[in-house]
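Scroll down for the structure; my scribbles are underneath it.
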Amino acid sequence: MSQWQQQPGDRLAQDRVQDRIRRWNSAGWVLFGLLPPAVAVFDASPARKYWMLGLLALIALCHTVVLTRPDNRVLPPRTYLAVLAVVLGATSYLLDGGAAFYVVSLPQFWLFTRAPRDAITLSGAAAALTVFGGTLGQGWSPQFLTGNAVFTVVAYAAGVGLGQWVHRFVGQSNQRQEQLTSELAVTQEELAAAYQRQGAAEERERLAREIHDTLAQGFASIVVLAEAARAATVTDPVRCAEQLTSIEQTARENLAEARVLVGSAPESGVAPSSLATTLRRTLDRFVQDTGLTVTAELPDVDLDQRTRVALLRCTQESLANVRKHSGASTVGVVLTELAGGVELEITDDGRGFVVEESQGFGLDGMRRRLAELDGELAVTSSLGDGTRILASLPTHSQD
């Protein structure tokens, strides 16, 4: 794709570059193109001087119009270049040679055209008029092998060669730019797709963790409570009624969590600045459902919402593991506020396990949840010696 076949954005950038080049060329053209002929005719006859100054003023005015208003309909660039060619021929006649003025003006034929063919044609016409104007004063026996004519022809040939080379170079550069732009667009699409897949995977992982920590635990609790209530239907009606009440409460809590997950309710489970209260309520329900002994040290600690939720979920997961796997009789929960952080320690006197051999979503989910808040989870356990869970989180500003 050449510089005359670019995309709109690339074309706009190219036009800006060309506009700056035109302005710099204009400064050089005025200094080295217009001023020398004007100075050269100061000692000439009045008629020759006034004609020269008038032509220079005319072409300077036309140049200013085209440079500042390239889209005007009165003097489009092609018309301006045709006028420039005529002026070059006329000044060549008045000065008996205008090769220097032609050389200084030559870049304009490439800067103010869109296609190389137009530049070659118009600069060729200007070269012919310059040669013709320089030989017109010689009468009927002109000498075409003068320095003016030779220099003009050589400049024209060099200008054509250089212009064609620049045109090819720019075309190749634009092709490379187009290729890089296409590759960049493809890469951006692939990256966007990858980010979308990553976001979907992270969202699935988040939902899976939330479901595991809330709904799945609740349903597991309902199953255990339902089995116990069925067994106590005849032998202990009071206990059966208590367990049915617990089933109802757990089901209601699961319904509330489900609404949170589908986005139809604000995040629930932990009221502002009430982690200790929420943990006590959770532990009371645990004692009621399991009959285990629970000791707790839960001072009121002012924490942001995400930290409160993370610590609550770690507590719920740890208590669920105690209920399902540990065979413990006593559970201890200690919440400690530190300088710049908070720790939640949960211990039990159950059968323990080998941490390195543990598999399951619970511990990994807790680790990932804490890691999202720059926290850590430490698990200490061995067979027959119980288990210790320590969740550490930095404190953040209150919501």
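The values are calculated or read from the model by the stated rules, or taken from the named source; none is laboratory data. Worth saying up front: this structure is predicted, and the values here are computed from it rather than measured. Positions of Cβ are generated from backbone atoms using ideal geometry, with glycine treated the same way; all protein chains shown enter the neighbour counts. Protein only, heavy atoms only, side chains kept; ligands, DNA and RNA dropped before computing areas. Shrake-Rupley method; radii C 1.70, N 1.55, O 1.52, S 1.80 Å.
Find the accessible area per residue for the stretch 278-329; the probe is 1.4 Å, ligands and nucleic acids are left out, and the unit is Å².
42
Order the peptides 231-239, 50-58, 304-312 from the highest to the lowest mean number of other Cβ atoms within 10 Å of their residues.
Put in order of decreasing packing, that is 304-312, 50-58, 231-239.
How much length is gained if the chain between Gln288 and Leu53 is pulled fully straight, taking 0.36 nm per residue apart and subtracting their Cα-Cα distance, in nm to one decimal?
Length difference between fully extended and current span is 73.7 nm.
Over the stretch 301-358, what percent of the accessible surface lies on carbon and sulfur atoms, probe 1.4 Å?
In the stretch 301-358, the share of accessible area belonging to carbon and sulfur is 47 percent.
Can you give me the C-alpha center-to-center distance between the stretch 30-47 and the stretch 78-116, rounded to a whole angstrom?
A separation of 16 Å, based on Cα centres.
Apply 1/(1 + (r/R0)^6) to the Cβ-Cβ distance of Ala40 and Ala193, taking R0 = 56 Å, and write down the FRET efficiency to the nearest 0.05.
0.25
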